[in-house]
Structures are given as structure tokens and as C-alpha cells.
Amino acid sequence: MRGDLPGLLHRNIQISVAAGTVPEWGLSLLSEVSMAREKHQKKLKKILITGNEAIAEGALSAGCDFYAGYPITPQNELIAYMAKYMPESGRVFIQAESELAAINMVYGASAAGARAMTSSSSPGISLKQEGISYIAGAELPAVIVNIMRGGPGLGNIAPAQSDYFQATRGGGHGDYHTIVLAPAYVQEAYDLARTSFDLADKYRMPVMILGDGFLGQMMEPILVRRRSPATKGHNKEKPWALTGCEGRRPNIIKSFALAEGALEQLNLKLQQKYKVIKNKEARFEGLFLDDAKIVLVAYGTMARIAKSSLTRLRLAGERVGMIRPISLWPFPQKAFCPRSKKIKYLVIEMSYGQMLEDVQLALNGKAQVEFLGRSGGGLPSEEEIINKVKKIL
Amino acid sequence: MEKIFFPPESLYDVPTHYCPGCGHGIAHRLVAEIIDQLGIREKTIGIAPVGCAVIAYDYWKFDCSEAAHGRALAVATAIKRVRPQNIVFTYQGDGDLAAIGTNETIHAANRGENLTVIFINNAVYGMTGGQMAPTTLLGQKTSTTLDGRDRQKHGYPLKISEMLALLPGVHYIERVSLHSPQEVLKAKSAIRQAFENQINNAGFSLVEILSPCPTCWGLSPKESLDWIRDHMQKEFPLGRIK
């Protein structure tokens, strides 16, 4: 019994929050307690770390063998963390001469069987798009991190969510997708970094972690596992990798399909893969959807602010719910099944309405969709969200 | 009768797509013969460029990767770093290596990556129909320099091998040509040297090969070889550069 004390506390607080007898701070207490419980059960280590570093640590724990990157704000903590910890465990770290070189190094490392990653921020990710398209076409696993900043152009270095279209619609040339995962918490950034490598290997495709400058720079306590050793390209589960053709026919890694009909076949194969992913890999967090009259829809840092507004509105007796997409592609369409035509949706973004289009597509006219967003360094406050909700209600 | 001359094991026995008189077929074969001689076929990883040699992997019988235009040395850097036990080389044209990929070329060389580079200089963009390349000679007519390359409008032929030789990270650079049997033999020995350097962990090695492109030069195969001898090698002198 004594051993499961955190578990008992956890249940008690859950009940109290559900009953509305525990105020706002109960929610953060709940997360503290669940963290203590998990730490106790899985013998994890608790560390205080930024979102950028958490993604790097997640990559190390996932057995990332290779990292290449180019400095850009606001993701510099990530490249610095990799520079410090990759070489000491026999993994490859390269500061590339450009974003183009970095993404093409990832292509090469992945072709050689390594678990490979690069990271950047918005203008840098634009530069990487050609390489991402090649990685998708050559069916190589890779993890790409975009800690978004304001655009267009050089924009500024303030947090933003204005690369949603670029991330979820492919981004480069050709008929392709990347899986896009959007963490809202530093712990989730760590966890999704681990997941990204598994998804990339499973589907042999690029996976993007889409965060924003707030998440990248913010420090939070998280629980981490022991780091897996690097595979150094000796991955037996990758028979397609370039390792030298000893004892087998030569392998070729390419996206080029010149013969008549060959490129269509490659595209059909990709589309088939995307269909499976759409069915299997959509992720979201839903809150109070059972009785909500208005549903907030937000991802990443914006979702945390929306959640604070939701807590205050709930405590004031308003029937507000929330959908937080965690995978942006595939978009969690199935989360959008309103119980009646009277339910309204409020999409909140650090952009002027990009995810908004996916919500509208998912609802297909079945419910009213409102929007609240700011861009270029600004973001809607808790009060703005609450006022907007009250106005809609 | 005893058979003493065989096609290299590192080449598939298939016809190539190259034009009559093109140098790529010879260069491919030289690379394949050296890989056979050094006994490294089963641990070699080749990087094909974007350009005429884009499907070189259909001719070479060892592991190969495509690279985006100009990015072969970024791709090769990563493969070699992940798998230092393999022999990794790039095969790139002048547009790929000395125009769109100049940055990757200079930085891979400057890092002293232990790689072998086969650089085909034919003074034009062959695949796309003969536009001006960074290595196009002054006065040379191409589909984008109709009156010939003009130094005031287009700048000078880029001597990337000489530029790279200035970098301390570079171990070996030699310029060779395919315009006569004697020169082909010299080219073969330079290619061998460049691969041996990698085997001995000596560092970045590059062989620039002056190669004929009769189609885009508007010359017969024989005239093309003479053009290399009489014009091209004056701009790009043969021999060991570093």
C-alpha cells in the first residue's frame, strides 16, 4: 500500500478535479503527482530542461546516431546540446555549412542506415524543403525539427505557428507528406522526439516535430529514460540501407523514376502508405467533449494558454471543451464529431488561420467555426480567449 | 584460346544511355576497373549526381545513392562518417560540383573528409542541352552564350581544383584528360591514387577529368578529343595540382 501512495494521491486528486472541488492549482498538482508516480514506477530520472534540449535528449534516448544542423534562433539550445552529448557517446555530430548541407547529410546518414536528425527554425526549414522532398521520395526515415519563428521572410525571432501549411502540406515539391507532431509541453517534446524516430523507421519517411519558440526556450521538469546506444548504421532491420554489397545484390537509394510509369507507381506506393498513416497515426487530446457547448481547438504552446482559459471558464460554470491536435498530419479528423449542430468551435492559433482550414474540412459545414489568432510575435491571451468564448456563447 | 581481357565485375553488362563519343562511359569503366583492382567492390558506396551521370547506379555494380543537384558531398560526408569502414566516392559534373554545389564541395574539402571525388569537366551542362557551365571556356558558344562566353558578362572559367588546392584539409588533387589512350591511362592511375588515399585514411582526394561532350560542343567525337587537346587543356592544365 505504501508503495502506491503516489497512485492513491493521483486518484484522489482526479476525483476532486472532476467534482470541481479542487481549484486551478489542483491541475498542476495533479501533473506533479502523476510525474512522481511515473518516476517511482519506471525508475526514471527527473531533470529541468528546455524544450529544445528535451527534443535533443529524446533523440539521444531513441538511439539517434547522426545529427547535422546549422545555427538559427530560437533552436540553438538543440544544436548545442547535440554538440555536447552526441560525440561523447560515439555518435556523429556535424555543424553543417548550410541548411541544405544539413538536410542532405541527414539523407546520406539515413541512406547508410543511421537514425538521423536535423533541426532548424522557419527560414531554415524553408531551405531544407528540397532535401525533405528527396527524403520522402527515396523513402528514407528522418526526423526534422522546426522550432517556428515569425515570418514571412526573415520575419523575427519571436515564437509563431505560421509554418502549419508548409509542414502539413508537404512543403517541398511533389505529392508527399511528412508526419507532423506538435508537442505542447517539454515532457511531450521529449516523448514525441522518441516516437518520431520509431514512426520514421516504421513508415520509412520524414517525420517533423513542429514546435514554437516558446516551447523551445521554456524550461520544465521532465522525466527521462536511459539513453539507448547509437546503432551506428548496423541496423539489421534496414536491409535496404547502403552498407556495401557483400553477400547481396547492390542497394540503390533514389527518388528518380525515369522509366515510363515508374514514377506513378512510386507515387501510388506513397499514397498507400499515407492512407495507412491517416487511419492509424492520428493523435489528439480531448477535454470535456461530452458536454461542451463550445470546443476550443489549439495546438502547441497556444493549446496551453487555451487550456488555462478553459480551466477558468469551467470553474465559472461554462460548458467549454477542447481538442488539442498532437499530430497535425495526419490531422485528427475523427475528433471532430459534434453531438449537435449547436456546438461551436473556436480555433486559436499563433497565425492568421492555417489549422483553421483543417478544422473546417473536418467539420465540413456540420458546425459553426470561429477563429482567434495573432501572428508576427503576438499571441492571444487567456483573457482574449475568455472574452471571445463569452461573445460566441 | 585463353581469355585475358574481361569487363570489370563492378560494371553491369548493359549498354549505357550516353551519346556517341561521350567521356562518361570511359570514366565509369575506369572507376569500375580500379574498384575491382583494389578489391573493394563489396564495401564501396558511390554517389551519383544530377546531370548526365544521374543513373550511374544502373551501370555500377555496387551500393549507390542518388544525391540532389550539388549535394553529393554532403550526402557522402554523412555516409562516410556513419560507416567509416566503407569506401565512399562521389561522381559529379562541373555544374553539380562547381556551380550549384560549390558550397558543399568547398566545405567537405575544408573539413578534410576522407572521400574520393571524381569530377567530370566537360565545359557545359550536358543533360539539359548544353548551357554555359562554370567551366565553359571564354569564347565558347553554348545555348546560353550564343556569341560565346564573354568575360565581362559571364566571368571566367572557374578553376575549382586550383581553388580547392589552397585548403589545408585537401590531400590530393590531379587533373587528367580522356583525349588520348595515353591520357586515359594517366587518368586511371590518378583515380587509383584517389581511392588508395581513402583506403589509407589520407583525406580528401579529387580527380578532375576533362571529358568530351560531342553533342553539346557541336563537334564529331574525333574533333571533340582534339578540342580538349588544343583548347581545353590550355585553360585547364593537366597534372598534379596538389
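Run lengths n ≥ 4 of DSSP H only: what is the helix-derived mean residue ellipticity at 222 nm for chain A, with -39500 (n - 2.57) per run over all residues, to the nearest 500?
Working: 13 runs with 166 residues, N = 393.
It lands at -13500 deg cm²/dmol.
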Of all DSSP beta bridges with both partners in segment A:284-392, the antiparallel percent, nearest 5, is 20 percent
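Step through the table entries A:K46/A:K390; A:K84/A:K273; A:K43/A:K254; B:K80/B:K188, compare each Cα-Cα distance with 32 Å, and write down the pairs that go over it. Let's see the in-between values first.
Numbers: A:K46/A:K390 40 Å; A:K84/A:K273 36 Å; A:K43/A:K254 43 Å; B:K80/B:K188 23 Å.
Cα-Cα > 32 Å for A:K46/A:K390; A:K84/A:K273; A:K43/A:K254; rest within.
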Toy charge model, Lys and Arg Cβ at +1, Asp and Glu Cβ at -1: the protein assembly as shown dipole around Cα centroid in debye, rounded to 20, equals 1880 debye
With all protein chains present and a 1.4 Å probe, the order of A:L263, B:L178 from largest accessible area down is A:L263, B:L178
Output for segment A:245-320: GluC sites (Glu not before Pro) sitting in coil per DSSP, at most 11 other Cβ within 10 Å, listed by number, reads A:E246, A:E260
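Beyond a 26 Å Cα-Cα separation, which of these cross-linked pairs lie in this structure: B:K61/B:K186; B:K159/B:K186; A:K238/A:K269; A:K128/A:K278; B:K222/B:K242; B:K186/B:K242? Don't skip to the end; give the middle numbers.
Numbers: B:K61/B:K186 24 Å; B:K159/B:K186 20 Å; A:K238/A:K269 18 Å; A:K128/A:K278 24 Å; B:K222/B:K242 31 Å; B:K186/B:K242 16 Å.
Result: B:K222/B:K242 exceed 26 Å.
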Simple SL model, points at 7 angstrom along Cα→Cβ for A:S381 and A:D198; separation in nm is 4.1 nm
Taking every DSSP bridge whose two residues both lie in chain A, the antiparallel percent to the nearest 5 is 30 percent
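Over chain A, with the other protein chains present, what is the accessible area per residue in square angstrom, probe 1.4 angstrom?
On the way: 16680 Å² over 393 residues.
Per-residue value: 42 Å².
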Ignoring ligands and nucleic acids, A:R204 exposes an accessible area, probe 1.4 Å, in Å² to the nearest 10, of 60 Å²
If the label point sits 7 Å along Cα→Cβ of B:S180, residues of segment B:218-242 with amide N under 16 Å come out as B:222-234, B:237-239
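Quick one: length gained pulling A:A83 to A:F165 fully straight, 0.36 nm per residue minus the C-alpha distance? Walk me through the numbers before you get to the answer.
On the way: separation 82, 0.36 × 82 = 29.52 nm, distance 3.08 nm.
Full extension from A:A83 to A:F165 adds 26.4 nm.
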At q = 0.22 Å⁻¹, the log10 of I(q)/I(0) for segment A:133-204 from a Debye sum over equal Cα scatterers comes to -1.09
Both in Å, the radius of gyration and Dmax of the C-alpha trace of segment B:1-152 are 16.7, 62
For chain A, longest principal axis from Cα atoms; helix A:262-280 axis from its Cα atoms; angle between them, nearest 10 degrees, is 30 degrees
The answer for segment B:24-240, accessible area per residue at 1.4 Å probe in Å², is 35 Å²
Nearest 10, in degrees from 0 to 90: the angle of helix A:5-19 to the longest Cα principal axis of chain A is 60 degrees
Under the rule rounded for a/c under 1.5, else prolate if a/b exceeds b/c, else oblate, using alpha carbon gyration tensor axes a ≥ b ≥ c, segment A:179-291 is classed as oblate
Note on segment B:72-86: residues buried by at least 10 Å² of accessible area once partner chains are added (vs chain on its own, 1.4 Å probe) come out as B:A74, B:V75, B:T77, B:A78, B:I79, B:R81, B:V82, B:R83, B:Q85, B:N86
Helix A:76-85: inclination vs chain A longest Cα principal axis, degrees, rounded to 10, gives 60 degrees
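I'd like the projected area of the protein assembly as shown, averaged over all directions, using the convex hull of its alpha carbons. Report it in nm² with one decimal.
Details: hull surface 133.4 nm².
Mean orientational projected area (the protein assembly as shown, Cα hull): 33.4 nm².
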Buried accessible area between A and B, both sides, 1.4 Å probe, in Å² rounded to 100, is 2800 Å²
A:K390 and A:I157 label points (each 7 Å along its Cα→Cβ direction) are spaced in nm at 3.8 nm
Averaged over the residues of A:61-73, the number of partner chain Cβ atoms within 10 Å of each residue's own Cβ comes to 1
Using eta = 1.567 mPa s and T = 4 °C, Stokes-Einstein with Kirkwood Rh from Cα pairs puts D for segment B:24-240, in µm² s⁻¹, at 76 µm²/s
Label model pair A:N279, A:T73: point-to-point distance (7 angstrom along the Cα→beta-carbon line) in nm is 4.8 nm
With all protein chains present and a 1.4 Å probe, the order of A:K366, A:K84, A:K334 from largest accessible area down is A:K334, A:K84, A:K366
In deg cm²/dmol, rounded to the nearest 500, the helical mean residue ellipticity at 222 nm of chain B, built from -39500 (n - 2.57) for every DSSP H run of length 4 or more, is -9000 deg cm²/dmol
In segment B:1-151 the accessible area split gives carbon plus sulfur, as whole percent at 1.4 Å, a share of 57 percent
For chain A, the accessible surface attributable to carbon and sulfur atoms (probe 1.4 angstrom, ligands and nucleic acids excluded) amounts in percent to 53 percent
Restricted to segment B:123-242, the DSSP antiparallel beta bridge percent, nearest 5, is 40 percent
Taking only the alpha carbons of segment A:98-257, the radius of gyration and the largest Cα-Cα distance, Dmax, both in angstrom, are 16.2, 53
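Does segment A:60-151 come out rounded, prolate or oblate, given a ≥ b ≥ c as the square roots of the eigenvalues of its C-alpha gyration tensor, rounded meaning a/c under 1.5 and, failing that, prolate meaning a/b above b/c?
Working: a/c = 1.88, a/b = 1.07, b/c = 1.75.
Taking the square roots of the gyration eigenvalues as a ≥ b ≥ c, segment A:60-151 is oblate.
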Largest-first ranking of B:D36, B:D63 by accessible area, probe 1.4 Å, whole protein assembly kept, is B:D36, B:D63
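The values are calculated or read from the model by the stated rules, or taken from the named source; none is laboratory data. No experiment lies behind these values; they were computed from the predicted model shown. Virtual Cβ from ideal backbone geometry, glycine too; neighbours counted across all protein chains shown. To get the accessible areas, we keep the full protein, side chains included, count just its heavy atoms, and leave off ligands, DNA and RNA. Shrake-Rupley method; radii C 1.70, N 1.55, O 1.52, S 1.80 Å.
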